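Since the structure comes first, as structure tokens, the remarks are kept for the end.
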């Protein structure tokens, strides 16, 4: 889990892009399709902003062609030049560069801006890693910006490469839906893995509670809280996209966005269920540890109770009064069977106490 950190000082003018030094390494991929053709190109980072393929639909005579510009890595100067080329709002470009934004959507008239969170497990699956995915929808163009390389959009690219793909016959808003759907569907493998970790923690607690189980529950609770903070506002994002009056989103695409909204609602339900399960497992762990401590204390108490009369007997015979002082002055000290008698008396006392405890159901 990465804590949010501002990259611009307080009081900075809105729309100011922070200077990221050095820029994040990455790549730029341009995908163009329409009229039965598909073109994929890797663009040079230094020349991406000047690429003619970035022209907006208002500057393009053929509005049926869809362009998808996929940026990986954060290069603030490059993103600024692309934003100027596409006439994007400065606030949208600022949110693209300042990662850690809350999932949201904004309608700027000539474009629709969407911020999503992509989750994956880090090395060793010790915790979740969050990555911001920013999408900009314009007429005939979709711009996606990711923090780092991942395979989240590979299924969409695979569908575009199919000759009979329906995706290649639909406008840019359907491509934007496909990208949003890919990010949302990426939550399900993450939730499945979290469910497996919850089951493993439950099995460990039921068999033998261990401090490592409590640490695992703490990590699970933190991961689920991070997911909840992202999925709850995502429900609002999907609702706003479905009800948006923007002409960039067609009625047919709204139906598919409603399906994504159902997936988000399902993820929220799963997350809430997992959070309750983790809370219950935490209580179960504390209860199991408490019961185990009670069992140990019961055994120690029984041992101490048994040794109380034995200590009394040993103390009586250890007073060392001189038997020659009188007939009542510990005559056992001069008796040949005094020591075996004292041991036998201790054994009979301990046995009687154990029998009494057993009949009362204490042992």
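The values are calculated or read from the model by the stated rules, or taken from the named source; none is laboratory data. All figures in this text were calculated on a predicted structure; none of them were measured in a lab. Note that each Cβ is placed from the backbone with ideal geometry, even for glycine, and that neighbours are counted across all protein chains shown.
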For this session: Within the stretch 90-109, count every residue that is part of a loop (DSSP other than H, G, I, E, B) and out of contact with any helix residue (DSSP H, G or I) (no Cβ under 8 Å at 6 or more places or on another chain).
Result: 4
Problem set entry | Filtered residue count, the stretch 46-61, keeping only those that are modelled with pLDDT under 50 and assigned to a loop (DSSP other than H, G, I, E, B) | 4
Problem set entry | Selection within the stretch 110-124 - part of a strand (DSSP E or B), touching a strand residue (DSSP E or B) at 6+ places or on another chain (Cβ under 6 Å) and closer than 24 Å to residue 193 by Cα | 116, 117, 118, 119, 120
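To keep it simple, each residue is scored yes or no on (1) exposed (fewer than 10 other Cβ atoms within 10 Å of the Cβ); (2) under 24 Å from the mean Cα position of the chain (by Cα); (3) not assigned by TED's automatic domain parsing to the domain that holds residue 141.
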| site | (1), (2), (3) |
| --- | --- |
| 239 | no, yes, no |
| 244 | no, no, no |
| 255 | no, no, no |
| 299 | no, no, yes |
| 323 | no, no, yes |
| 337 | yes, no, yes |
Exercise. Looking at residue 281, is it within 18 Å of residue 200 (Cβ to Cβ), touching a helix residue (DSSP H, G or I) at 6+ places or on another chain (Cβ under 7 Å) and in the same structural domain as residue 212 (by TED's automatic domain parsing)?
Worked result: yes
For this session: Looking only at the stretch 215-237, decide whether some residue is surrounded by fewer than 16 Cβ atoms within 10 Å (Cβ to Cβ), in contact with a helix residue (DSSP H, G or I) (Cβ under 6 Å, 6 or more places away or on another chain), assigned by TED's automatic domain parsing to the domain that holds residue 110 and free of Cβ contacts under 8 Å to residues at least 40 places away in the same chain.
Result: yes
Exercise. Does residue 308 count as exposed (fewer than 13 other Cβ atoms within 10 Å of the Cβ), more than 30 Å from residue 239 (Cα to Cα) and under 52 Å from the mean Cα position of the chain (by Cα)?
Worked result: no
Exercise. Do you know which residues across the stretch 185-216 are under 15 Å from residue 277 (Cα atoms) and within 12 Å of the chain's Cα centre (by Cα)?
Worked result: 191, 192, 193, 194, 195, 197
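Table: residues versus (1) modelled with pLDDT of 85 or more; (2) assigned by TED's automatic domain parsing to the domain that holds residue 151; (3) in contact with a strand residue (DSSP E or B) (Cβ under 6 Å, 6 or more places away or on another chain); (4) exposed (fewer than 14 other Cβ atoms within 10 Å of the Cβ).
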| residue | (1), (2), (3), (4) |
| --- | --- |
| 7 | no, no, no, no |
| 11 | no, no, no, yes |
| 21 | no, no, no, yes |
| 32 | yes, yes, yes, no |
| 44 | no, yes, no, yes |
| 81 | no, yes, no, no |
| 100 | no, yes, no, no |
| 106 | yes, yes, yes, no |
Problem set entry | Residue match in the stretch 169-188 (condition: surrounded by fewer than 17 Cβ atoms within 10 Å (Cβ to Cβ), free of Cβ contacts under 8 Å to residues at least 40 places away in the same chain and under 30 Å from residue 139 (Cβ atoms)) | yes
Exercise. Among the candidates 140, 204, which residue alone is in the same structural domain as residue 35 (by TED's automatic domain parsing) and on the phi > 0 side of the Ramachandran plot?
Worked result: 140
Exercise. Regarding residue 357, is this residue within 24 Å of residue 298 (Cβ to Cβ) and in contact with a helix residue (DSSP H, G or I) (Cβ under 7 Å, 6 or more places away or on another chain)?
Worked result: yes
